[in-house]
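Visitor: Mind having a look at this structure? Questions to follow.
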Amino acid sequence: MTTGAPTPTQPARPRRSRLRRFLPLGIAVWLVLEIWLLTVVADAAGGFTVFLLLLAGFLLGAAVVKRAGRRAFQNLNEAVQRGGTPTGGGGNGWMMLGGLLLMLPGPISDVFGLLLLIPAVQKAVGRSAERTFERKLRTAGAGSLGDAFQQARMHRPDGKVVQGEVIRDEPSGDAPQEPRPPLTH
């Protein structure tokens, strides 16, 4: 289909962020360190000891995740009975992450998982994550997550992007609404 506009010979690719560039490398390094440390511990203490440590870490992590999930559900249930929203998660999310890290095999993830079970560490990590999130939201420019619900973008076959706002004409509240057909491709 020809539109008269010249097609670019080389499409402009957005620049990758540092996180997207170095995250696979960081995960690979972490996995190699975990395996290496497990072999060092196995040489020093024996394979059966390593198996028992891995099993204990998995069971402890599962218990922590279960307990944190139960507490989060109780907080949600109490908030619904009060007619409000849950406030102050009490570190349940950080406890669940700590439990999941304990369930992963390896001493590095176990150390980070145990650290996340300490309430003071949970508060410090939570404050840091909140500050980082707020800073990212403040610096987010147009066309980012802040505008995601207000703008729609249509990608044309020639690569051009057409921006616009979605405006829906809602029927009046008195008129009966017909059932909507299912969404299909």
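No value in this document is a laboratory result; all are computed from the given coordinates. Values in this document were obtained by computation on a predicted structure and should not be read as measured data. Note that each Cβ is placed from the backbone with ideal geometry, even for glycine, and that neighbours are counted across all protein chains shown.
Visitor: Just grab the label-to-label distance for N75 and V32, each label 7 Å out from Cα along the Cβ direction, in nm (one decimal).
Guide: 3.9
Visitor: Would you calculate the separation in nanometres between label points at S128 and R20, each defined as 7 Å from the Cα along the Cα-to-beta-carbon direction?
Guide: 2.5
Visitor: Here's something else I'd like to know. Summing Lys, Arg as +1 and Asp, Glu as -1, what charge do residues with Cβ under 10 Å from the Cβ of G91 carry, G91 excluded?
Guide: Values: positive: R71, K123; negative: none.
Neighbour charge sum, excluding G91 itself: +2.
Visitor: Which value in nm describes the separation of the simple spin-label points at F112 and T85, placed 7 Å from the Cα toward the beta carbon?
Guide: It works out to 2.9 nm between the two label points.
Visitor: Count charges around V41 for me, please; just the other residues with Cβ under 13 Å from its Cβ, Lys/Arg as +1, Asp/Glu as -1. Please report the intermediate quantities before stating the final value.
Guide: Numbers: positive: none; negative: E34, D43, D110.
Taking every other residue near V41 into account, the sum is -3.
Visitor: Tabulate in residue order the Karplus-calculated ³J(HN,Hα) for region 37-52, using 6.51 cos²θ - 1.76 cosθ + 1.60 with θ = phi - 60°, rounded to whole Hz; enter x for Gly and Pro.
Guide: Running phi through 6.51 cos²θ - 1.76 cosθ + 1.60 with θ = phi - 60° gives 5, 5, 5, 5, 5, 5, 5, 7, 10, x, x, 5, 5, 5, 4, 5 Hz.
Visitor: Turning to a different aspect of this structure: Tally Lys and Arg at +1 and Asp and Glu at -1 over the other residues with C-beta under 15 Å from the C-beta of M103: what net charge comes out? Provide the component values of the computation, followed by the final result.
Guide: Details: positive: K66, R67; negative: E34, D110.
Combined, the nearby Lys, Arg, Asp and Glu give 0.
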